[in-house]
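Here is the structure we will look at.
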Amino acid sequence: MTQEIRPLAPQEPGRPTPEAHDEPAPGLRILWGRMALLAVALVGAFAAGRITAPDPSAGALTETRQELDAARAEAADLRARLEAEVGADQAPAPEETTEAEEPAEPAVEGRVHVVEAGQTLRSIALKYYEDATLDDVIAEANGITDPEQLSVGTELVIPKRPEL
């Protein structure tokens, strides 16, 4: 015993009935199978393009290797010319020219600190001694008369903390 439910009020002219919402409007019917097929085709075309495209870094790598080989050849040529002019016994050995020199031992026993941007003698003393007033100890050990002339990259000897 099923009953059909009907609206109590009569339908207004031009207003769609509830059944009209179940079907799409003419011309707007979307075929989802075709949309999925189009999406798969686009993804496949993108993947095929990525796979078959040449690697742009391969040319740069080859060029860099050629430059490195040219630099090595030039270094060997310069080394040979140096040996010919100075003599083989006085020319530096190839391994000595590629290694960095060992830093010299500080004249005053302690550590070496390289000044960074924004540092002052007071901030360095605070870092090593936990007392900014000992900046004069660092200045004296390094022969600094004007603490304002401290420049970035300067190597400072940090002596042991003085006994107070």
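Would you call residue 154 surrounded by 10 or more Cβ atoms within 10 Å (Cβ to Cβ), at negative phi, modelled with pLDDT of 85 or more and of a type in the set (Ser, Thr, Tyr)?
So residue 154 fits the description; yes.
Residue under question is residue 100, and the condition is that it be at pLDDT 90 or above and more than 30 Å from residue 163 (Cβ to Cβ); does it hold?
Taking the combined requirement at face value, the residue does not satisfy it.
The values are calculated or read from the model by the stated rules, or taken from the named source; none is laboratory data. Predicted model only: the values in this text are computed from it and were never measured. All Cβ positions, even for glycine, are placed from backbone atoms using ideal geometry, and neighbour counts span all protein chains on display.
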